[in-house]
1. Calculate the tail of P(r) for the chain: the fraction of all Cα-Cα distances greater than 21 Å, expressed in %.
2. Report the residues of the range 9-44 in range of a label on Ile85: point 7 Å along Cα→C-beta, backbone N strictly under 15 Å from it.
3. Taking all protein chains in place and a 1.4 Å probe, what share, in percent, of the accessible surface of the range 1-116 do carbon and sulfur account for?
4. So for Arg51, Arg127, what's the accessible-area order with a 1.4 Å probe, most first?
5. Tell me, what is the percent relative contact order of the range 22-112, built from C-alpha pairs under 8 Å that lie six or more residues apart?
6. Between Cys62 and Asp112, what is the FRET efficiency for a Förster distance of 30 Å, r being their Cβ-Cβ separation, to the nearest 0.05?
7. Run the numbers for Ser16 and Arg122: contour at 0.36 nm per residue of separation, minus the present Cα-Cα distance, in nm.
8. Could you please tell me the mean projected area of the C-alpha convex hull for the range 88-128, averaged over all directions and given in square nanometres to one decimal?
Amino acid sequence: EELGHDYLKLATTASSSLQLKLLPFGSDTIICAVKSVKAESADSRILFYDREWRALADEKFCYPSVADFFVSPEAAADNIALCDIFLVSLTLSATDNTLVAEYTMPAYMDVDAAAKVGPMLRKIVYRWNGVRFVTD
């Protein structure tokens, strides 16, 4: 689907994809892989590998909580009970070393709940600091 000098996105099936990104890591690079599946909404998992495709410890990314996706603590307190499944779509950037996380559970909610929760949600942007993905 997309190819750059340090990025690749493949459609592995009609409902799944794989994103690969080379990230600087000290004097070397590591491989970040995001595997996503999609039915009504997407859900992703992130993995890290060295250049020999050996799995690395997963402390390079910490999944946000559902509450982190709300625009305010008050919005989370008022609406989090409607969010009973943790579905997060992760998207690596093809042009820089950022990662966007989006809570995708509203696609499974009934229309009224989705209309209430949707406007209260935000995407979370992470940037690679050379060691791990962090937010500002």
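The values are calculated or read from the model by the stated rules, or taken from the named source; none is laboratory data. The structure presented is a predicted model; accordingly, all values stated were derived computationally and were not measured. Using ideal geometry, Cβ is built from the backbone for each residue, glycine included, and neighbour counts are taken over all protein chains shown. Surface accessibility is based on the protein's heavy atoms, side chains included, excluding ligands, DNA and RNA. Shrake-Rupley method; radii C 1.70, N 1.55, O 1.52, S 1.80 Å.
1. Numbers: 4125 of 9180 pairs.
In whole percent, the long-distance tail amounts to 45.
2. Once the point is set 7 Å along Cα→Cβ of Ile85, 37-44 turn out to lie under 15 Å by backbone N, inside the range 9-44.
3. Numbers: 3660 of 6520 Å².
Using a 1.4 Å probe with all protein chains present, the range 1-116 comes out at 56 percent carbon and sulfur.
4. On the way: Arg51 140, Arg127 100 Å².
Solvent-accessible surface, decreasing: Arg51, Arg127.
5. Working: 121 pairs, mean separation 22.5, N = 91.
Across the range 22-112, relative contact order equals 25 percent.
6. Numbers: r = 32 Å, r/R0 = 1.08.
Approximately 0.40, to the nearest 0.05.
7. Full extension of this stretch gives 35.8 nm more.
8. Working: hull surface 12.3 nm².
Spelled out: convex hull of the Cα atoms, projected over all directions, averaged, 3.1 nm².
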